[in-house]
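Shown next, in structure tokens, is the structure this report addresses.
The values are calculated or read from the model by the stated rules, or taken from the named source; none is laboratory data. Bear in mind the structure is a predicted one, so any value in this text is a computation, not a measurement. A quick note on method: Cβ atoms are made from the backbone with ideal geometry, for glycine too, and the neighbour counts reach across all protein chains shown. Just the protein is used for accessible areas: all its heavy atoms, side chains included, with ligands, DNA and RNA removed. Shrake-Rupley method; radii C 1.70, N 1.55, O 1.52, S 1.80 Å.
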Amino acid sequence: AMHEALGAPDRAGEVAAALRDALQAADPTGRALFAGLSALPWPDDELGQLWHACNLLRELRGDSHLAAFACAGLSGLEANLLTEMQVGWPALAYTATRGWPPETMNQAVADLTAYGLVNGGGLSEAGKALRSGIERITDQQLTPVLDVLRPALDEIVPLLDGWSQQIIDHGWFPADPYKRASG
């Protein structure tokens, strides 16, 4: 599939190798999806390696994000709701796609309101501060990987952006970044 959308891009192997090297600095403790993917063998194909490296990096950040939400004392449902409100989506537009029963979602909104994190269907100042803090903590957890990757970022990011755009232009992912992020 990657070959269909991208062909054989120059430097795919180089980018995959840089990501792979940086991922060696990641601690899999408490990061179940990242740890599981890390146990898989690396593909022989350069685009397969690139996909695997990007998948590992995405799950490392995702697992770290979930850990930050859990440390803040929030449930998965509450995390979905706060994210939805931070992005500015209509109430329950994202969260309802995750299979939560309406009464459970409504109770979670009521709980977040009682905690002072939600006000009038949006994030309160305390909710904004908490949500911002969760992003900061998530980013901090990736510092060891970014420290290794940082010297190559100026070269790698434009390549990854270009390849991502090719895949979007191919019609395999939506153009709206929030729809891509929400799965």
Any residue at all in segment 82-89 that's modelled with pLDDT under 90 and among the aliphatic types (A, V, I, L, M)?
yes
Quick check, is LEU81 touching an Asp or Glu at 6+ places or on another chain (Cβ under 8 Å) and not in a strand (DSSP E or B)?
no
Got at least one residue in segment 45-62 being over 21 Å from the mean Cα position of the chain (by Cα), open to solvent by 20 Å² or more (accessible area, probe 1.4 Å), touching a residue at least 12 places away in the same chain (Cβ under 8 Å) and closer than 23 Å to TRP163 by Cβ?
yes
Identify, from the list ALA8, ALA32, ALA1, the residue that is open to solvent by 20 Å² or more (accessible area, probe 1.4 Å), out of contact with any strand residue (DSSP E or B) (no Cβ under 9 Å at 6 or more places or on another chain) and either more than 19 Å from ILE167 (Cα to Cα) or polar (S, T, N, Q) (or both).
ALA32
Those residues of segment 7-51 which are closer than 15 Å to ASP63 by Cα and assigned to a helix (DSSP H, G or I) amount to LEU23, ALA32, LEU33, PHE34, ALA35, GLY36, LEU37, SER38
